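Single-structure report; data block below.
The values are calculated or read from the model by the stated rules, or taken from the named source; none is laboratory data. Owing to the predicted nature of the structure, the values given are computational and were not obtained by experimental measurement. In this analysis, Cβ positions are derived from the backbone assuming ideal geometry, glycine residues included, and neighbour counts consider all displayed protein chains. All accessible areas refer to the heavy atoms of the entire protein, side chains included, with ligands and DNA or RNA removed. Shrake-Rupley method; radii C 1.70, N 1.55, O 1.52, S 1.80 Å.
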Amino acid sequence: MAEEIKKEENIAEVEPETVETEAVEEVKEPLEEKGIIEANLKGDLPEIKAGDMVKVHQKIKEIKDGKTKERIQIFEGQVLARKHGKGVSATITVRKVIDGVGVEKIFPIHSPSVEKIEVERSSKTRKSKLYYLRTAKGRKAKLKTKERKEIAE
């Protein structure tokens, strides 16, 4: 009887160890593969900050009568915020006013649906999030434009 208890204890000790090591190895594999994340990052993006006037070229798929069409739609507006750093999940919030109605879109910067982003002009800001522009009217809604320094080649 005592021998059976010892055998059961040994079996109980051995099984969890093998199960734990297998589970840990499965978790480590995706984290070690940083090549997948780096492959999805876009390298040709300009320096985008809050206050910039940008044109975002976005791919749009339209399905009509069973036919799929792809076109590029341009959304031009002012960047209110940039969030989530410079990684894969980085986003920008772009706002424009159409017929007196403010429209905001959040674009994932590294998304395959975003074809390219062009910076039209930059503005001098003292804040990183310009949410106050949603309610600002007239002179308070204007930002001072910043002169760009062109690198002579």
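Quick one: in region 70-95, which of the residues that are charged (D, E, K, R) and either in contact with a helix residue (DSSP H, G or I) (Cβ under 8 Å, 6 or more places away or on another chain) or within 23 Å of Lys124 (Cβ to Cβ) (or both) is most open to solvent (accessible area, probe 1.4 Å)? Per the stated criteria, the residue is Lys86.
When the test is whether a residue is in contact with a Ser or Thr (Cβ under 6 Å, 6 or more places away or on another chain) and of a type in the set (Val, Ile, Thr), Ile92 does not pass it.
The set of residues in region 111-125 that are within 12 Å of the chain's Cα centre (by Cα) and either surrounded by 17 or more Cβ atoms within 10 Å (Cβ to Cβ) or of a type in the set (Val, Ile, Thr) (or both) contains only Val114. Here Ile98 meets the list (1) loosely packed, with under 10 Cβ neighbours inside 10 Å; (2) more than 17 Å from Ala141 (Cβ to Cβ) almost entirely, failing just condition (2).
Does Val94 satisfy the condition of being hydrophobic (A, V, I, L, M, F, W, C) and touching a strand residue (DSSP E or B) at 6+ places or on another chain (Cβ under 9 Å)? Yes, satisfied.
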